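The values are calculated or read from the model by the stated rules, or taken from the named source; none is laboratory data. None of these values were measured; they are calculated from a predicted model. A quick note on method: Cβ atoms are made from the backbone with ideal geometry, for glycine too, and the neighbour counts reach across all protein chains shown.
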Amino acid sequence: MTPAPDRYAVIGHPIDHSRSPWIHARFAQQTGERIVYSAIDAAPEDLAERVRDFFAHGGSGLNVTVPHKQAVLPLLQELSDRARIAGAVNLILRTDDGRLRGDNTDGSGLVRDLTHNLGVPIAAQRLLLLGAGGAARGIIAPLLTLHPAELIIANRSAARANELAREFTRFGAVRGATYAELRRQHFALIINATSAGLRQEVPPLPVAVFDAATVCYDLAYARDTTRFVQWAREQGVARSIAGAGMLVEQAAESFLLWRGVRPDTTAVLADLLAQ
């Protein structure tokens with residue numbers, strides 16, 4: 001009798017927009033791995049119960065998305081080094097002895113998309129990261145390993161931006177700022193890691209930070225485009241990109257950790273963009 005396929009899912013709130021089930025189905029088809037992958041909508045007050053229930057009933061791994069990337073930490077027995085550094089996870093796997101181990105593939109997914117897929121230079125460039133939540137935490141250290149001239153974390157709360165920057169100073173030149181403090185500054189790359197896009201809003205970013213050479217990148221992904229990507233294009237930047245590539249690349253890294261094989265992302269990303 002053929003055993004049932006291993007079960008995986010993405011958990012977040014809201015979750016109906018997620019393309020992760022489609023992406024992992026393509027990966028499974030490509031690699032011949034027998035898995036099923038679903039989406040779990042869990043409000044914050046239900047998170048612990050839904051995670052425990054998933055693994056208690058044979059689940060093998062979860063991807064974790066907003067707003068749970070930090071809230072899920074108390075439910076885990078182990079963390080990878082990069083998850084510990086980030087203070088946030090986007091992936092949970094069940095170890096052979098039944099322990100729940102958290103990891104974070106967001107940073108590696110973003111870096112691979114920027115450098116391998118898009119050819120965006122990072123070294124010696126000034127970078128601006130918008131937001132100081134769980135989505136931002138996972139990408140700061142990987143970006144700093146590429147040796148930008150400076151990474152500024154902008155947030156409505158100066159205290160929160162500065163606190164987050166202090167956590168990562170050992171990795172490179174990073175500091176916090178409020179949005180108002182960004183006037184008269186210019187950046188080669190601006191990355192939106194806020195949740196404003198879920199509300200069809202844009203961060204309160206002074207338009208003076210944009211110029212014709214700026215590349216803008218939204219960690220969020222939408223089937224059409226995101227509000228931030230559209231707004232940045234209206235400012236006349238060089239390129240404004242939604243996070244489809246990061247979504248696919250971090251998913252491939254998750255698949256590798258779960259199944260021991262890394263799928264080819266080229267065709268999957270091309271199909272996702274075509275949709």
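The criterion of at least 3 residues that are surrounded by fewer than 18 Cβ atoms within 10 Å (Cβ to Cβ) is met, among strands (runs of 3 or more DSSP E) falling completely within the stretch 1-93, by 35-41.
Against the numbered list (1) within 26 Å of Leu273 (Cβ to Cβ); (2) in a loop (DSSP other than H, G, I, E, B); (3) in contact with a helix residue (DSSP H, G or I) (Cβ under 6 Å, 6 or more places away or on another chain), Gly119 comes up short only at (3). Does Phe255 satisfy the condition of being surrounded by 24 or more Cβ atoms within 10 Å (Cβ to Cβ), over 19 Å from Val120 (Cβ atoms), within 18 Å of the chain's Cα centre (by Cα) and of a type in the set (Phe, Trp, Tyr)? Answer is yes for this residue. Per this entry, Ala124 is counted among residues that are in the same structural domain as Thr145 (by TED's automatic domain parsing) and assigned to a loop (DSSP other than H, G, I, E, B).
A residue that is under 18 Å from Asn104 (Cβ atoms), of a type in the set (Asp, Glu), in contact (Cβ under 8 Å) with a residue 60 or more places away in the chain and in a helix (DSSP H, G or I) cannot be found anywhere in the stretch 263-275. Applying the condition of being without any contact (Cβ under 8 Å) to a residue 60 or more places away in the chain and of a type in the set (Ser, Thr, Tyr) to the stretch 1-43 and asking which residue is farthest from Leu247 (Cα to Cα) yields Thr2. Thr95 passes every criterion in (1) of a type in the set (Ser, Thr, Tyr); (2) assigned by TED's automatic domain parsing to the domain that holds Leu182; (3) in contact with a strand residue (DSSP E or B) (Cβ under 7 Å, 6 or more places away or on another chain) apart from (2).
Kindly provide the set of residues from the stretch 214-254 that are at positive phi and in a helix (DSSP H, G or I), ordered by number.
none
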